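Okay, structure first, notes after.
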C-alpha cells in the first residue's frame, strides 16, 4: 500500500475541534429565546423530566468525553511506526471484558431506578381537586370541553395556576399529539382511545404548544396556546365564557349574523344562544376573546380574518374550511359583515 | 424434458459471459452483489436529492422551496428510500459479494433464488419510485401510521400514494425474505472444511444474525402491510377505530418489525468494521467471542424493545417501565462492541488508510448515536424528545454516522478485491474528511433544534421559535456532504479505469477472500480451502514468536494464487437463467393491478410469476454440452 502522506496531526486536531464545537453547541441549546425549548421547564411536571435529563445527559457527556478521548488517544499513539511493526497478537482479556460489561450495567441500573419511578409518577392521576378538561383533536385544531361546566372552546386553553389540570385526550380523525413543552411532555390523541395527562402551571402566563404527531397536510399548522391565570382570574374568565352570545346591535354585525346563519358557516360551527349548533368546526361563541385562530396560527385581527374568510385553503394547506369566495359564494360585503359579526362575539 | 428443451430452445440455459445479457441472466453471487451495490447507490443519490430539497425548504423560516404536500411526499420517500432501497440492499450487496468468498464457497446455496431477490428488489424500488409520476409519492411517513394512511383522501392527499407504499414495501419484503433464507442456508451448509462457526469472520456472523432478523421480521411487516392494503382497498377495518378497529395495532406490528429492522441496518456495518479494524491494526479482533455473542444478544434483545417507539401512545406505566428498562440494557452489548473495537486498536500498528478512517469514524459517531439513544429510554423526558429533531439527530448518527460510514469503509476495503484496482487513497481521505465534517455540521445542530422543541415532519416554521440559525447551519452542512459524494464518485470513476492494479492481498488481510486473485475468478476458489484457524489466511502468512508477535512465513511457503486461464475449466458452476427475472416481473404487474383494481392484468401478472417459476423448475440443470 501507499504509505499515507496525510499528516497525522490533521486527525486529532479535527476531532478536538469537533468535540469542542459539539459541547459548545449543546451549551447554547440552553439559551432562553425558544418558546418550545424544554430544557427550560416552567412547571413541576416538565421540571421532573428535566431533572432526569440532567442526570442522564451528565453521565452521557462524561462517557462521551472519556470514550472519544480514549479513541483519539489510541489512534494517535498506536499509529504504524514501520512497515515491519510486529504487534503482539492479543485475542482478548476476560477480566477487562467483564469489567467493561459490568460498568455500563451499573450505570444504567443507577439511571433505571429514577426512570421507573418517574414513569409511575407521570401516569398517576393527580391528587386534590384537578380541573378536568377533555381535549379533542381535529385536523388541524384543538377542541376543549371543560368538564361539568359544559364550556366548549378551541385552540387556546385557559387554566388556573397551581392546580393540576387533568386532560382526557381524544381524536376524531387521525392520531395527534398534545404538547406544551414548558409544562409537560407530549401525549398522543388516538382515535377510539381515551388517553390522559396532567398539566400544572406555576406562574400566570402564556405557554406555546404544538401538535407533535404527524397528522397530514397541515401538521405544521396545528398549534395551541395555554393561558394560565390566578385562580380568581380563571373563575372570572370561565364565567364570561359560559355566557351565551347576544345578537349584535351594530347593523353590519347584524348582517354578518344573517350571512352566518343563512349561509354555509352554520353547517359546521356552533355559537351558543343562536341556532348554530354544529360541532364539526370550532365553537365560535366567544371567538373575539381569542388571540389567535385556525389552529392558533394567525393573530385574530381584521386583516387575517379577511384573508381567511376569503380563501382558507390558500392560507392553511388542506383546510377543511372551504374557500369563502370560491366555494361558499360570499362576496366582499358578506365577508366584511362576517368579520364585524365575529368580532362582536366577545 | 430434455427433448422439449432442445426442440423449442425455451428452456435452454443462456450462456452469454459478457455484455448486458450476461448481467441480466447472471446467477454469479459476485455480479449480483455488484448489481445490488450500483442499484442501491443510485437510490442513495435519489434519497440524497430528497434530503437536499428538505434541507433547502427548512434552511429559513417560512421556506418556499416545497409546499406542504410536496414536503410530506419528500420526507416520506427519503425515509423509505434510505432504509429499504439504500442501507438494506447495500448490506445485501456485501452479503452477496463477500459471504461465499469469506467462507470458502463457490457461490451461495441457491444462485437463481439470489438473482430473484435482486430483480424483485429492483422492481420493488422502481414500483415505489413510479409513484412520483402517477399521482404523487407516499406521503404518510415511512412509518405509515394508521388511520392517517388508511382512511384515504379525506385525511391524506392522494388516491394511491399509500398503496404505492403498502405494495412497494410488500414487494421489497419478498426480496428480503428470499435472500435471508438463501444466506442462512449458505452460511450453515456451505462453509469450507474446517470453517467451524467460531472460526467464521465476524462479518459472516453479523450476516447470519441479520438474516435471521430479516427472516422473522419481514413477515410481520408483510402482515401489517396486507392489513393496510385491505383497509385501503377492500373495506376492512383493522385499524379503523370508528368500526371497532385499533390504530395502535398497526404501531405494534410496525415496530415489532421496525426495531429489529434498525439492527438489520446497523449490524452489517458492525461486521465490516470488525474486519477492517483488525486488518489495519495488524492485530486480531479483541474479544472475538464477546463481539460475536454481543451481536447475537443484540439480535435477541432487539425483539424486546419495540414499544420504546411508542412511549407517548398511552400504553400505560407498566408497559412503559418494562420497555424503558429493556431499552436501557440493550446498550450493554452495544457498549461491549465499542470497547472491544477500541481494545483492538490498542498496541496495534495502525494504518490510517481510507477504509480505516471510515471505520474509526463509524465508532466515533456511533458512540454519539448510542448515548443519545440511551437518553430516549428515560420515558418522562422522552415524552419531550419524542418526534423532535433530537430523535432525527439520534438516528442519523446511528444510520448515517453508523451504517453509511461502515458501508463506505467496506466499499474502500473490498473495492480492490472486486475490481482488481486500488481506489485512490488521497481522494478517499478527502471524501472521508468532507463527509465527516459535513455530517456533523448537518446533524449535530439537529440535537440543539430538537432540544429547542423543533418537531419533526414540519414543512415550515416561524422565525420566532429560535430555530433559524441552526437550521441554516444544517443546510450548509448538506452542501459539504454533497461535495464529499461527488469526490467519491470521481474517485470511483477514476479508480475503475486507472487505479493502481491490486494484488490478491493489498491490505495484508486476514480472511479467505484475500487468498484468491483480485478480481476473483468466476469460480472463486480453484481448490476449496481447508480452514485450520480463525483468521486462517493470517496464519498462512505469519507464525508467532514466543512473545506472540507475528513472524512472516518465508515467501513461497504461502503461495499466492495467480489467475490461470485454463485452471477452473472443469469446475461446475450454476448456469445463468432468465427465469428469476421473469418471475420477478410478475410482481409489479400484480402490484399496479391490485392498486388500480385491474382484474385481467392482475391475472396476467400472476401468470407471468407462475410462468417464471414453471420455467425455473423445468429448465435443465446446466447448458447443454456442444
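The values are calculated or read from the model by the stated rules, or taken from the named source; none is laboratory data. This structure is a prediction, so every number in the text was calculated from the model and none was measured. Every residue, glycine among them, receives a Cβ derived from its backbone with ideal geometry; neighbour counts consider all protein chains shown.
Remarks
- Selected residue (only one of A:208, A:217 is within 14 Å of chain B (Cβ to nearest Cβ), surrounded by fewer than 24 Cβ atoms within 10 Å (Cβ to Cβ), in contact with a helix residue (DSSP H, G or I) (Cβ under 7 Å, 6 or more places away or on another chain) and closer than 23 Å to residue B:454 by Cα): A:217
- Tallying residues that are farther than 19 Å from residue B:275 by Cα and either assigned to a loop (DSSP other than H, G, I, E, B) or at pLDDT 95 or above (or both) within the range B:521-550 yields 15.
- Any hit, the range B:310-328, residues being under 24 Å from the mean Cα position of the chain (by Cα), crowded, with 24+ Cβ neighbours inside 10 Å and farther than 17 Å from residue A:72 by Cβ: yes
- Of the residues making up the range B:397-411, those that are free of Cβ contacts under 8 Å to residues at least 60 places away in the same chain and either within 12 Å of another protein chain (Cβ to nearest Cβ) or closer than 20 Å to residue B:311 by Cβ (or both) are B:397, B:401.
- Every residue from the range A:239-280 that is touching a strand residue (DSSP E or B) at 6+ places or on another chain (Cβ under 7 Å), part of a helix (DSSP H, G or I) and surrounded by 16 or more Cβ atoms within 10 Å (Cβ to Cβ): A:241
- Filtering the range A:35-51 to residues that are in a helix (DSSP H, G or I), facing chain B (nearest Cβ under 8 Å) and surrounded by 21 or more Cβ atoms within 10 Å (Cβ to Cβ) leaves A:46, A:49.
- Boolean, residue B:571 is more than 24 Å from residue B:111 (Cα to Cα) and either surrounded by fewer than 13 Cβ atoms within 10 Å (Cβ to Cβ) or modelled with pLDDT of 80 or more (or both): no
- Every test in (1) surrounded by 18 or more Cβ atoms within 10 Å (Cβ to Cβ); (2) more than 14 Å from chain B (Cβ to nearest Cβ); (3) under 27 Å from the mean Cα position of the chain (by Cα) is passed by residue A:235 save one, and that test is (1).
- Some residue of the range B:424-445 being more than 30 Å from residue B:493 (Cβ to Cβ), in contact (Cβ under 8 Å) with a residue 12 or more places away in the chain and either surrounded by fewer than 21 Cβ atoms within 10 Å (Cβ to Cβ) or within 11 Å of chain A (Cβ to nearest Cβ) (or both): yes
- The range A:166-181: number of residues that are more than 7 Å from chain B (Cβ to nearest Cβ) and surrounded by 22 or more Cβ atoms within 10 Å (Cβ to Cβ): 7
- Residue identified as more than 9 Å from chain A (Cβ to nearest Cβ), at pLDDT below 95 and either in contact with a strand residue (DSSP E or B) (Cβ under 8 Å, 6 or more places away or on another chain) or in a helix (DSSP H, G or I) (or both) among B:298, B:272, B:264: B:298
- Residues satisfying the stated conditions in the range A:183-199, i.e. in contact with a helix residue (DSSP H, G or I) (Cβ under 7 Å, 6 or more places away or on another chain) and surrounded by fewer than 22 Cβ atoms within 10 Å (Cβ to Cβ): A:192, A:198
- Any hit, the range B:139-152, residues being within 14 Å of another protein chain (Cβ to nearest Cβ), surrounded by fewer than 19 Cβ atoms within 10 Å (Cβ to Cβ) and not in a loop (DSSP other than H, G, I, E, B): yes
- Every pair of residues 6+ apart whose Cβ atoms lie under 6 Å, when the first sits in the range A:94-110 and is at pLDDT below 95 while the second is surrounded by 16 or more Cβ atoms within 10 Å (Cβ to Cβ) and outside any helix (DSSP H, G or I): A:97/B:287
- Flag for residue B:512 being buried (at least 19 other Cβ atoms within 10 Å of the Cβ), more than 10 Å from every other protein chain (Cβ to nearest Cβ) and at negative phi: yes
- Residue match in the range B:435-451 (condition: modelled with pLDDT of 95 or more, touching a strand residue (DSSP E or B) at 6+ places or on another chain (Cβ under 7 Å) and farther than 21 Å from residue B:362 by Cβ): yes
- Number of the condition not met by residue B:348 [criteria: (1) within 7 Å of another protein chain (Cβ to nearest Cβ); (2) assigned to a helix (DSSP H, G or I)]: (2)
- Test for residue B:136: is it at positive phi, modelled with pLDDT of 95 or more, within 14 Å of chain A (Cβ to nearest Cβ) and surrounded by fewer than 22 Cβ atoms within 10 Å (Cβ to Cβ): yes
- Residues satisfying the stated conditions in the range B:230-248, i.e. surrounded by fewer than 24 Cβ atoms within 10 Å (Cβ to Cβ) and in contact (Cβ under 8 Å) with a residue 12 or more places away in the chain: B:232, B:233, B:238, B:240, B:241, B:245, B:248
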